[in-house]
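Encoded as structure tokens, the structure appears first; notes follow it.
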Amino acid sequence: METLTDEQRERWSTDGYLHLHGVLSPDEVSLFSQELDKVRLLPGYEPGQAQLGHYEWMETAKNTDPAGFMDRRDLLNYGQHFIDLIDRPGLFDLLVDIMGPHIMLSMTQAIVRPSTDSFPGYTHTDGGEGLREIRVSETSPPIAMKAMYLLSDVVQEDGGALTVFPGSHVRPFPWRRDEPLTPHSPGAVQLPGRAGDCYLFPHSLWHGPAPNHSGRARKTLLYNYAQMFVRSYDHDVTPEVEGQLTPRQRRLLGDLGYGFRPGSYFYVPPDQEELIYQDERGPTRWTGPRIVDQSG
């Protein structure tokens with residue numbers, strides 16, 4: 001498996017994010033972009049009238065214009081190409097190098113942000129009210145992190161770019177302040193990118209979308225990963241999807257190879273590292289702390 005370079009590891013620890021170029025090919029970008037146009041016409045989970053962060057089942061996206069706003073969750077039911085991104089070769093290697101092998105896929109999401117003068121952008125951390133209060137040190141594996149794939153070129157200021165506050169992943173998020181953080185607050189950096197690029201960042205990084213005044217929609221795919229003891233955002237896997245998964249993908253979606261037992265997900269199956277690494281190094285690859293079985 002591939003690992004981070006020394007430069008990437010330093011960037012991750014210091015700034016709290018990585019920008020990877022050309023992860024998706026032009027053909028893949030075109031495929032996923034077209035698929036999102038189809039997905040918005042299909043039933044699925046989108047924000048509704050429920051409280052913030054909760055999604056409701058809808059027959060179509062609220063806006064069926066391909067350039068209109070869409071926030072769709074639980075993507076795996078829409079085709080094999082979305083399933084294949086779960087553990088995309090190369091990129092998934094870096095995720096495992098950052099997080100360790102005791103992980104699962106916790107969420108899939110597609111967001112289309114239109115060009116508009118009415119959306120100012122915003123800044124947040126991922127994971128809701130609880131995770132908002134939790135951070136880890138710069139040398140610790142993250143509790144949760146995200147891979148964000150660009151399906152559109154984002155090259156101009158206020159073109160809908162991902163905005164980050166470098167180094168904020170180890171600082172308390174100031175959500176109680178009277179003046180909320182914005183993409184134009186001091187310390188904010190808008191990250192330009194090309195279609196096919198991917199950003200990696202932990203849940204605790206202060207981030208969000210910049211306003212989009214570019215004249216074209218910004219399309220993204222987002223895949224979230226978490227340590228196994230963290231509850232998943234998305235629903236259980238449907239039988240149709242389950243039949244299309246590899247053994248590693250099944251594990252990443254919560255299939256332990258046996259029924260639930262007290263201690264499941266906090267303590268991993270004996271083949272966890274072998275299944276995640278999928279190479280001859282198997283269980284010897286993980287260099288983090290190990291649990292010693294004292295039950296005998």
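The values are calculated or read from the model by the stated rules, or taken from the named source; none is laboratory data. These figures come from a predicted structure and were not determined experimentally. Quick reminder, even Gly has a Cβ in these numbers, built from the backbone with ideal geometry, and neighbours come from all protein chains shown.
Looking only at region 128-174, which residues are surrounded by 16 or more Cβ atoms within 10 Å (Cβ to Cβ) and of a type in the set (Ser, Thr, Tyr)? Those that are surrounded by 16 or more Cβ atoms within 10 Å (Cβ to Cβ) and of a type in the set (Ser, Thr, Tyr): TYR149, SER152, THR163, SER168. Residues in region 1-31 that are of a type outside the set (Ser, Thr, Tyr), at pLDDT 95 or above and touching a Lys or Arg at 6+ places or on another chain (Cβ under 8 Å): LEU18, HIS21, GLY22, VAL23.
Of the residues making up region 115-154, those that are free of Cβ contacts under 8 Å to residues at least 40 places away in the same chain and either of a type in the set (S, T, N, Q) or in contact with a Cys (Cβ under 7 Å, 6 or more places away or on another chain) (or both) number 3. Taking region 52-115 and the strands (runs of 3 or more DSSP E) fully enclosed by it, the elements with 1 or more residues that are crowded, with 19+ Cβ neighbours inside 10 Å and of a type in the set (S, T, N, Q) are at 103-113.
The set of residues in region 3-42 being over 18 Å from PHE201 (Cα atoms), loosely packed, with under 15 Cβ neighbours inside 10 Å and either in contact with an Asp or Glu (Cβ under 6 Å, 6 or more places away or on another chain) or charged (D, E, K, R) (or both) consists of ASP27, LYS38. Selection of region 122-143 for residues being closer than 22 Å to MET99 by Cα and in contact with a Phe, Trp or Tyr (Cβ under 7 Å, 6 or more places away or on another chain) yields THR125, ARG132.
Residues in region 247-266 that are closer than 25 Å to GLU35 by Cβ and either touching a helix residue (DSSP H, G or I) at 6+ places or on another chain (Cβ under 6 Å) or touching a residue at least 24 places away in the same chain (Cβ under 8 Å) (or both): ARG248, GLN249, LEU252, LEU253, GLY254. Any residue that is at pLDDT below 90 and over 27 Å from GLY16 (Cα atoms) - is there at least one of those in region 208-227? Scanning region 208-227 turns up no residue that is at pLDDT below 90 and over 27 Å from GLY16 (Cα atoms).
Pairs linking a residue in region 22-40 that is over 20 Å from LYS62 (Cβ atoms) to a residue that is among the acidic types (Asp, Glu) and part of a helix (DSSP H, G or I), with Cβ atoms under 6 Å and 6 or more positions apart or on different chains, do not occur.
Considering only region 7-51, state which residues are within 27 Å of MET99 (Cα to Cα), assigned to a helix (DSSP H, G or I) and hydroxyl-bearing (Ser, Thr, Tyr).
Residues of region 7-51 that are within 27 Å of MET99 (Cα to Cα), as a first pass: 7-25, 28-29, 32.
Next cut, assigned to a helix (DSSP H, G or I) only: 7-15, 28-29, 32.
If the condition is that a residue be within 27 Å of MET99 (Cα to Cα), assigned to a helix (DSSP H, G or I) and hydroxyl-bearing (Ser, Thr, Tyr), then SER13, THR14 are the ones that fit.
Taking the conditions (1) farther than 27 Å from HIS54 by Cα; (2) modelled with pLDDT of 90 or more in turn, ARG281 satisfies each one other than (2).
Among the residues of region 41-60, none is identified as in contact with a helix residue (DSSP H, G or I) (Cβ under 6 Å, 6 or more places away or on another chain) and without any contact (Cβ under 8 Å) to a residue 40 or more places away in the chain. Checking the stated criteria, THR108 turns out not to satisfy the condition of being of a type in the set (Ser, Thr, Tyr) and free of Cβ contacts under 8 Å to residues at least 40 places away in the same chain.
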